[in-house]
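Just below is one structure, and these are the notes that go with it.
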Amino acid sequence: MRPTPHGAARTKSWLQDGQRKIREDFLADGDAKRLLRNRCSLIDEILCALWSELGLPDSLALIAVGGYGRGELYPSSDVDLLILLPEQPGHALAAQLEGLVCAFWDIGLETGHSVRTIEQCLEEAAGDITVQTAMIEARRLAGNVELFEGFSRIFQQSVDARAFFQTKKMEQEDRHQRFSDTPYSLEANCKEGPGGLRDLQLILWIAQAAGYGRCWNDLERHGFITVEEAALLDHSEAFLRRLRTQLHLHVGRREDRLLFDYQTALADKLGFSASAERRSSEQMMQHYYRVAKTITQITGILLQNIGEALFPPPDELPQAINDRFQNAHEFLDVVDENVFQRTPSALLEAFLLLQQHPELKGMSARTQRALWRARNLIDDDFRHDPGNRARFLAILKQGNRLVQEFRRMNQLGVLGRYLPNFGRIVGQMQHDLFHVYTVDQHILQVIRRLRRFTMEEFAHEYPFCSRLISDLGNPWILYIAALFHDIAKGRGGDHSELGAGDARSFCEVHGLADEDTELIVWLVRQHLLMSRIAQKEDISDPGVVARFAKVVGNERRLIALYLLTVADIRGTSPKVWNAWKGQLLEQLFTATRRFLLSGEDTLMTHGVIAQRQQEALRLMRYLALPEKAHEELWQQLDTVYFLRQSAEEIAWHARAVHDCVESERPVVRARLNPLGAGLEVMVYTRDQEDLFVRMVGFFSRAGYSIVDAKIHTTRHGYALDTFMLLDVSGRDSDRAMISYIEHELAERLLHPAPPEVPANGRISRQVRHFPIQPLVSIQPLVSLEADETGTLFVLTVVAADRPGLLFLVANELARHDANLHTAKIATLGERVEDTFLISGDHLDESAGRVKLETDLLKQLQA
C-alpha cells in the first residue's frame, strides 16, 4: 500500500513549501544551525505522517541514522533511515515496506534506507565501520519505543570504544593522505579535507562511542580540552556549517569542494568584500585556512587526550631529556608550562629534539598549547640571536623528520614568525592553471620531494635523483633553496630575483660558507630556467645546450638545479608532471653534463654530426642492415636533421625507409617511446599540402596529444617527420594502437582528404574561471651555428589549453605558407606554452610576421 496520488501530491507540496520557507529564512538571517535543525524537523514530521498514513505495524520502528540522526540535514544531504524489525518480514509486510520506500520517491525525498532486524544490524555493524558509525547517531522517529531502546542498549554494549578509536583514527589518516595531508588546497574540500567538518564529526563519534558526551562542552567537562578550545571549535564549526550550507544552496546539489567556480559567489554571500589588494574569494579562503588550521590543532590534541584515556599509559615517571623537556610516554613534554617564557630559544629546540629522538611520537598536548601561546616571543631579538640561528639551521641539516617538523612549525605559527617573509605567503592563493596548493604548502611539498630523494625507501621512485643527491652531498642546501624559491610571490616584480635577495640575507646572517651561499642564491634566481629550456627549446641542438651550460657554469650547479626543478614540478600538482617532462629534463641534464665535463669544442656542429652518424652506423650494423643501406637517404638530408635526431632515431629511420626512399606509398612506423611513456611515430611521405595539419587532426581523433614534433623536408621533396605522442584518452593501450596508427595514417596520406577536425571537448572549469589572455610572438632564432634552412623564427604561443588548440595553430601556419621545423608542446596544468621553429619567405619581412601574429591571436581569442 502507498499513499493515494492525491495524498502523495499534497505531501510533496508540503515538503517543497517547507524547504522553500527554510531556505528563505536562512537567506534572511544566515543561521545555518537553524536551517539544519528546521530541515530535520520538517522531514521528521513528513516521515511520521507517512508512517502513520500507511498503517505500518506497531512492532516496527523508523529510525534516523547518520547526519540525519545527528540532527544535521544540509540542503542537499541524503536522508539516511533504518527500518528496524523485530523479525524477518513476511510477504505482506514486505509489500508494505516497499510501498513506504516508493512513497519516499513519490514525494521527491532522496533517502538512503536499510531494513534490518537487531541481529542483522549488529552483524553488519561488526563488519563495517561506516555502518557502525551511522548507527551511533540513531534517533527514533516513529514506531515501537521498546524495540528502539532495546536496539540502542544492545548496540551501545557491542561497541568496543578502543577498537572504534583505532579504526576511526586510521580512517582519518587515510582520508588526510588523499588530500596530501594539508587543508591548503586551492580548491579545498570543506567536509572531507583535513580541518574540515569530517574531522569534527570524527571526534564526536569517538566521544559517543566511549561515553564521553555528544558536544564540545561535554569534552571540556571531561578535561580533554579547555574552555577556550571548546569555544574555538564551536566557532569554527559554525563557519564551516554556514559555508557548506551556502555551497549546497548555490550549486543546487550536493557538493563539498570549494571550486574556483563557486568561490567568488560564496565569498559575497558570506560577507567578504574585495579590497585593493585581495579578491573577496581570497579573503574567504584565507579565513577558511585559518579555521581548518584551528580545527587540525585542537582535534589533534583531542585525539591524543582521548587516546590516553582509552589506552592509559604505564604508570611511570617522565624521563628527562634536558632541563626544559622530558619524554612523557613517548611524547615530547615541557617540564612545566612556563618553559618557553623562561627560555624562548626552546621554541626551536622542541622541533630539533623531535628530529634527534626518533623514539618520540610527537608533542604532548600541553607542549603544543604552551608553544602556541608563546609563538609571539619570536621577535627581532629572537631572530638575531646567534643560538637561535644555529638551531634553525640545525633543523634543516638534521634531515630526519624534516618535512613533518616543518609542517608542525607552520601549523603552530613558528615558521612564519621566524621567517616573516614566509609568514606573508601562508595561505596565499595562486591564481594560475597549474598550482593546486597555496604558496606556503607548495614550498613544503617541494621540500618533501627533495627529502624523499635522500631516503632509501623511496629510491625506486626516483632512482636517478637519488643517485644525484647522494653525489651532491649536503642536501640541506637544496632545502634552503626550496624554502626561498617562491617566497617572494605576491610582492610584485620578479619573484625569482626578490627571492634570491631574501635567500642571500638568510645565508649571510646564518653564517653559511660563501660557496654554499652563492649556490643557493643562484638556484633561487634560476629555478625556472631548466624547465623552460627543456620544454620550450630544441635540446638536441648543441647551441641550446652550450648556451644553457654557460649559464650553469659547473656540474655542482647543474645537479642542484636539476634536482630542484624535478621537485618543483612534482610539488606543483599531480597533473603537471609526466614521464615526457621527466625525459626532457634528463636529456638536457645529460647533454649539459657531457658538455661541462668534456668541453665546448667536442659539441660543435661537425663533431656532433660525425659522432651521431658513427653511432647510427654501429646500430644499423647491429640491426643487420646492408652496409650501404643508409646512403641513399642520407644524401637527401641536411645537417639540421642530424643535429635534431638522436643516433638511435637516425638508425630507426634508415631501417624503415632504406629500401623505399623514392616510394610513392607513405611509410608510417610507430613504436613505444624507448625512453619513456607514450608512442614515437615516424612518417615518411612525399610532401603535400596541409600535411602537418592533417596529421595533427588524425592523432587528435585517435586520442593522442603531440608533445614534440621534428619536421624535416628532404632535398628531393619528401617529408620525414617524427612525433612524440601521449595518450589523453585514458585508454592505456599504446601497444595495441601501433598497428592502427601505422595502417590508418598511411591510408589517409595515400588518399589525401580535407584535414580531420579534432572532436569537440569541454573547456576545463579552471580555464573558464581563470581565462588567460593569449600571447603570440615571433622572434628570429639566435643560434650558435648556421644551417641550410635560411632564416628561422621562433613562434611562441601562450594560451589556455583547450581541445583542438594545436590543430588551430597548425591550420593557421598552413594558411600563411609557413614551414614548420620543430614543435615543442608544453602543458602546465591547463596552461599551454608552445614553441614552434618556423620559416617562410614572407616571414623575412616584419609585415608578414605581424600578419601571422595578428591572425593567430584572432583565432585564439575566438
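The values are calculated or read from the model by the stated rules, or taken from the named source; none is laboratory data. It should be emphasised that the depicted structure is a prediction, and the values quoted were computed from it without experimental measurement. With ideal geometry, Cβ positions are generated from the backbone for all residues, glycine too; neighbour counts draw on all protein chains shown. Ligands, DNA and RNA are excluded from the accessible area calculation, which covers all protein heavy atoms including side chains. Shrake-Rupley method; radii C 1.70, N 1.55, O 1.52, S 1.80 Å.
Remark: the stretch 45-106 carries 38 Å² of accessible area per residue (probe radius 1.4 Å; ligands, DNA and RNA excluded). For the stretch 6-117, the Cβ-based charge dipole about the Cα centre amounts to some 220 debye (Lys, Arg positive; Asp, Glu negative; other atoms uncharged).
If I fit a long axis through the Cα atoms of helix 161-178 and take the longest principal axis of the Cα atoms of the chain, what angle between them do I get, 0 to 90°, rounded to 10? Once rounded, the angle reads 30 degrees.
Overall, the chain carries a charge dipole of about 1240 debye about its Cα centre when +1 sits on the Cβ of Lys and Arg and -1 on the Cβ of Asp and Glu, all other atoms neutral. Remark: the stretch 660-704 carries 36 Å² of accessible area per residue (probe radius 1.4 Å; ligands, DNA and RNA excluded). With every protein chain left in place, what is the accessible area per residue of the stretch 129-232 in square angstrom, probe 1.4 Å? It amounts to 43 Å² per residue over the stretch 129-232.
Per DSSP H run of at least 4 residues, take -39500 (n - 2.57); add these up for the chain, divide by its residues and hand me the 222 nm value, nearest 500 deg cm²/dmol. It lands at -17500 deg cm²/dmol. Checking the cross-link filter: which lysines have an alpha carbon closer than 27 Å to that of Lys628, excluding same-chain neighbours under 8 positions apart? Partners found: Lys710. Dipole magnitude for the stretch 95-174: about 300 debye, using +1 per Lys or Arg Cβ and -1 per Asp or Glu Cβ, origin at the Cα centre. The structure-derived value of semi-axes √(5λ) of the Cα gyration tensor in Å appears in the list [x] 62, 32, 24; [y] 58, 39, 25; [z] 58, 34, 26 under the label [y].
The order of His842, His821 by accessible area, most exposed first and with a 1.4 Å probe, is His842, His821. Averaging the sequence gap over all C-alpha pairs within less than 8 Å and six or more residues apart, then dividing by the number of residues, gives the chain a relative contact order of 7 percent. Phi angles across the stretch 564-575 convert, under the Karplus curve 6.51 cos²θ - 1.76 cosθ + 1.60 with θ = phi - 60°, into 3J(HN,Hα) values of 5, 5, 4, 5, 5, 5, 5, x, 8, 5, x, 8 Hz, Gly and Pro given as x. Near Leu141, the amide H atoms lying under 5 Å from its own belong to Leu62, Ile63, Ala64; only residues 5 or more places off or on other chains count, and H is placed 1.01 Å from N. Of all lysines in the structure, those lying under 28 Å Cα to Cα from Lys397, and not within fewer than 8 positions of it along the same chain, are Lys293, Lys361, Lys489. Summing +1 for each Lys or Arg and -1 for each Asp or Glu among the other residues whose beta-carbon sits under 11 angstrom from that of Gln286 gives +3.
The heavy atoms of Asp817 offer some 110 square angstrom of accessible surface to a 1.4 angstrom probe. Ranking Ala500, Trp14, Ala823 by how far each Cα lies toward the positive end of the dipole of the chain (charges on Cβ) leaves Trp14 at the top.
Axis of helix 691-701 versus longest Cα principal axis of the chain: the two differ by about 20°, to the nearest ten degrees. Within the shell of other residues whose beta carbon sits under 12 angstrom from the beta carbon of Leu806, the net charge comes to -2, with Lys and Arg scored +1 and Asp and Glu -1. Computed from the C-beta positions of Thr343 and Glu508 and an R0 of 30 Å, the FRET efficiency is 0.65 to the nearest 0.05. Each other residue within a Cβ distance under 15 Å of Asp690 adds +1 if Lys or Arg and -1 if Asp or Glu, for a net charge of -2. Rolling a 1.4 Å probe over the protein chains gives Lys851 an accessible area of about 110 Å².
Surface listing: Asp315, Asp58 arranged by accessible area from highest to lowest gives Asp315, Asp58, probe 1.4 Å. Solvent-accessible area of the stretch 226-373 (1.4 angstrom probe, protein heavy atoms only): carbon and sulfur portion equals 48 percent. Positive end of the dipole of the chain (Cβ unit charges, origin at the Cα centre): among Gln645, His91, Ile569, the Cα lying farthest that way belongs to His91. Determine, from the Cβ-Cβ distance of Gln319 and Arg383 and an R0 of 45 Å, the FRET efficiency 1/(1 + (r/R0)^6), rounded to the nearest 0.05. The formula returns an efficiency of 0.90 here. Once the Cα atoms are used to define both axes, helix 647-657 deviates from the longest principal axis of the chain by about 70 degrees.
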